[in-house]
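Note sheet for the following structure.
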Amino acid sequence: MISHNSLALALLAICSSVSAADKSLFTRGPYPQLATSTGITIVWRTRAVMLPELRIGTTPGELTSSGSFEHFTARRTILDGPSSSASSPLHSAPSGTTQFEAPVTGLKPGTRYYYGIYDNGKLLTPDDDSCTFTTLPDPGTSAPVTFWVVGDSGTATASQKAVHSAFKQWRARTKSNVDFYVHVGDMAYTKGLDSEFQFSFFDIYGETLRGLTCWPCIGNHEGGTAKGATGTGPYFDAYISPKNAEAGGTPSGTESYYSWDFGKTHFIALNSHDMSRKPGGQMAQWLKADLEKANADWIIAYWHHPPYTKTSHDSDKEKDLREMRENIMPIIESGGVDLVLTGHSHAYERSFLLDGAYTTPTVSENAVLDDRSGDPKGTGPYRKRPGTLPNEGTLQIVAGHGGQALSRKERPHPVMRRTIVEWGSVIVEVKGDTLTAAMLNADGKVRDTVQIKKDAKSAPLRIARPKAPEPPEGPLKLKTYVPAGQTLVEPASP
Ligand SMILES: [Fe+2]
């Protein structure tokens, strides 16, 4: 069906846009969003004359037409005249911008596709295999999954770029299949402006984003311009998240928080910034219902504000962090969540296997189920029984070390086994009965590995007096990334 809105907007683009003769036609993207087992949506922006066509195929160089601009959503800013009649105008994109959102349906599950954007028969996207996506596996199948986790990256600094380079080099070196990208918030300092999204996110990760769907959650900095309750702002313009359970899970009715399935691994993204964190709030009620229905082997949740941290933030002292611990963590743990990924604190912190650490201040006594290293090459992985039984133990990872200046307190958080003050990211793999998370630093070294194995015969027992955490590694403050082998000029601590 031809969308009259889309047609009108595309024609408007012809009349009002800038010449593209001397610049790339794309001002953002293209990048895949809203992956499902049978579809995808490709998103890009242009300020140029363009009546685009999307072609896809399972072999690069052999793409066939999948849709022309009549089938796309074309969004413009409300200030650009007649486009204000569009159902969801862009919040604050540069004048003359058109954001195309091109849905593709009827695809095969678990299949790799390549895509290209054409204008009048001419290929506009790179003529290589970088424009690619893989549909989600058939729902209910136990497919292995590997994903990249980044937090608090949006600075456009050398540290952010080094973290990205280390990931690209790791990918090339290990030839690992990475399925998608999870961002745990603070991707566009300092207010989440459209321009900040552009130079701190899309311009930095552009090549990677062409072939990896990013599944986000909102950070407080994106909240400078975006509103969770209405789903408006540059953050919500950048992403298309599933509010109607398009990729599995329970419909949330909002892109602010949502759930989805990758085979039998269930993912939950929460908005810890500006939605109610009360137990009776809409988000908490939805979370309960979602966890009750989840038919999964593994459950992974992610949001921005960490329930446990003593690095650049303090979870005993800050209201939003306290509420996520006191109100949301009981739901998470009784729902059988295995792993919680957060950011906000600018360091890497990784916990013991935990359950029931809801008090303020947090203490480790009777809240740790396994106080060994969790490292398969150390004292061994944490063990749980198969399935997603309630209160069998949750692992917490704070991954706010993606680019912003780093810092920590004098002492580690009592439930955090490792605290490392280095820039980096986290790579998570779920395969059969094993979940592995590895911290890859900006110099390309794996600095921590933790594993959960679901092969236990009995429930883990609470430890009355667990071991103390490892002392934090790294200085109290670190502002500037210095590559390995070079001298750190900055004082290590104040
Ligand atoms: Fe933050």
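The values are calculated or read from the model by the stated rules, or taken from the named source; none is laboratory data. These figures come from a predicted structure and were not determined experimentally. Positions of Cβ are backbone-derived with ideal geometry, glycine not excepted, and every protein chain shown enters the neighbour counts.
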Taking region 371-408 as the search range and keeping residues that are aliphatic (A, V, I, L, M) and touching a residue at least 60 places away in the same chain (Cβ under 8 Å), which one is farthest from the ligand (Cβ to nearest atom)?
L389
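Somewhere in region 86-108, is a residue within 16 Å of the ligand (Cβ to nearest atom) and in contact with a Phe, Trp or Tyr (Cβ under 9 Å, 6 or more places away or on another chain)?
no
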Residue tally, condition within 16 Å of the ligand (Cβ to nearest atom) and not small (G, A, S), over region 158-192
9
Residues that are more than 23 Å from F262 (Cα to Cα): list the strands (runs of 3 or more DSSP E) wholly contained in region 101-211 that include at least 1 such residues.
112-119
For the subset of region 216-245 comprising residues that are within 14 Å of the ligand (Cβ to nearest atom) and either in a loop (DSSP other than H, G, I, E, B) or among the β-branched types (V, I, T) (or both), which member is farthest from the chain's Cα centre (by Cα)?
A226
Do any helices (runs of 4 or more DSSP H) entirely within region 266-356 hold 1 or more residues that are free of Cβ contacts under 8 Å to residues at least 40 places away in the same chain and among the charged types (D, E, K, R), and if so, which?
319-323
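Out of curiosity, is Y308 buried (at least 24 other Cβ atoms within 10 Å of the Cβ), hydroxyl-bearing (S, T, Y) and in contact with a helix residue (DSSP H, G or I) (Cβ under 9 Å, 6 or more places away or on another chain)?
Numbers: buried (at least 24 other Cβ atoms within 10 Å of the Cβ): yes; hydroxyl-bearing (S, T, Y): yes; in contact with a helix residue (DSSP H, G or I) (Cβ under 9 Å, 6 or more places away or on another chain): yes.
For Y308, the condition - buried (at least 24 other Cβ atoms within 10 Å of the Cβ), hydroxyl-bearing (S, T, Y) and in contact with a helix residue (DSSP H, G or I) (Cβ under 9 Å, 6 or more places away or on another chain) - is met.
Confirm whether E392 is within 17 Å of S315 (Cα to Cα) and either among the small types (G, A, S) or over 22 Å from the mean Cα position of the chain (by Cα) (or both). Please lay out each step first, then the result.
Details: within 17 Å of S315 (Cα to Cα): no; either among the small types (G, A, S) or over 22 Å from the mean Cα position of the chain (by Cα) (or both): yes.
Taking the combined requirement at face value, the residue does not satisfy it.
Residues checked against (1) out of contact with any Leu (no Cβ under 6 Å at 6 or more places or on another chain); (2) small (G, A, S); (3) part of a loop (DSSP other than H, G, I, E, B):
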| residue | (1), (2), (3) |
| --- | --- |
| E422 | yes, no, yes |
| S425 | no, yes, no |
| T436 | yes, no, no |
| I452 | no, no, no |
| T480 | yes, no, yes |
Restricting attention to region 332-370, report how many residues are within 16 Å of the ligand (Cβ to nearest atom) and either charged (D, E, K, R) or not assigned by TED's automatic domain parsing to the domain that holds Y181 (or both).
1
What single numbered condition from (1) more than 27 Å from I332 (Cβ to Cβ); (2) more than 22 Å from the chain's Cα centre (by Cα); (3) surrounded by 21 or more Cβ atoms within 10 Å (Cβ to Cβ); (4) not aliphatic (A, V, I, L, M) fails to hold for W423?
(2)
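Only one of G380, G374 is closer than 25 Å to H305 by Cβ, part of a loop (DSSP other than H, G, I, E, B) and not hydroxyl-bearing (S, T, Y); which? So that I can check it myself, show each step before the final result.
Numbers: G380 fails: closer than 25 Å to H305 by Cβ.
Matching residue, one of G380, G374: G374.
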